[in-house]
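Written out below as structure tokens is the structure these notes cover.
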Amino acid sequence: MHDDALSRARFEFRWEDQFNLGLDPETARKYHDATLPKEAHKTAHFCSMCGPKFCSMKISQDIRRDAQAQNDAGGSLVDAEAGMAEMSAKFRAGGGTIEVKV
């Protein structure tokens with residue numbers, strides 16, 4: 001239960017909850033503040049480990065947001081399935097393997 005709460009806080013960039021749910025909140029805050037000292041970093045949607053361009057949590061949220069926007073704009077499941085079928089055909093036509101000969 002505790003691990004799940006911490007994971008959710010991490011995914012949602014709720015820094016204060018992350019600190020408070022951690023084993024040592026004071027040390028967690030000190031490490032965070034040492035690497036990201038500005039006040040704006042207290043609400044940042046990334047951490048110092050990967051930075052803003054490579055944060056897996058941010059990328060996941062961006063993908064979900066973009067998919068929702070596409071769905072709201074009229075994108076349909078039929079369109080998505082047609083796109084998957086097209087890409088599957090390209091994959092099979094290319095030999096059906098992940099490895100690419102160079």
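How many of the residues in region 1-27 are of a type in the set (A, V, I, L, M) and within 20 Å of PRO52 (Cβ to Cβ)? Residues that pass the stated criteria total 1. Selection of region 1-55 for residues being touching a Lys or Arg at 6+ places or on another chain (Cβ under 6 Å) and not in a helix (DSSP H, G or I) yields HIS45, PHE46. Out of THR43, THR27, THR97, one residue alone is polar (S, T, N, Q) and exposed (fewer than 10 other Cβ atoms within 10 Å of the Cβ). It is THR97. Whenever a residue of region 26-38 is of a type in the set (Gly, Ala, Ser), its partners that are part of a helix (DSSP H, G or I), lying with C-beta atoms within less than 8 angstrom and at least six residues away or across chains, give the pairs ALA28/GLN18; ALA28/PHE19.
Restricting to region 41-76, and then to whatever is within 21 Å of ARG8 (Cα to Cα) and of a type in the set (A, V, I, L, M), can you tell me which residue is modelled with the lowest pLDDT?
MET49
Restricted to region 1-24, and to residues that are among the hydrophobic types (A, V, I, L, M, F, W, C) and surrounded by fewer than 12 Cβ atoms within 10 Å (Cβ to Cβ), which residue is nearest to SER60 (Cα to Cα)? It comes out as MET1.
The values are calculated or read from the model by the stated rules, or taken from the named source; none is laboratory data. What you see is a predicted model, and the numbers here were worked out from it, not measured in a lab. No Cβ is skipped: glycine too gets one built from the backbone with ideal geometry, and neighbour counts run over all protein chains shown.
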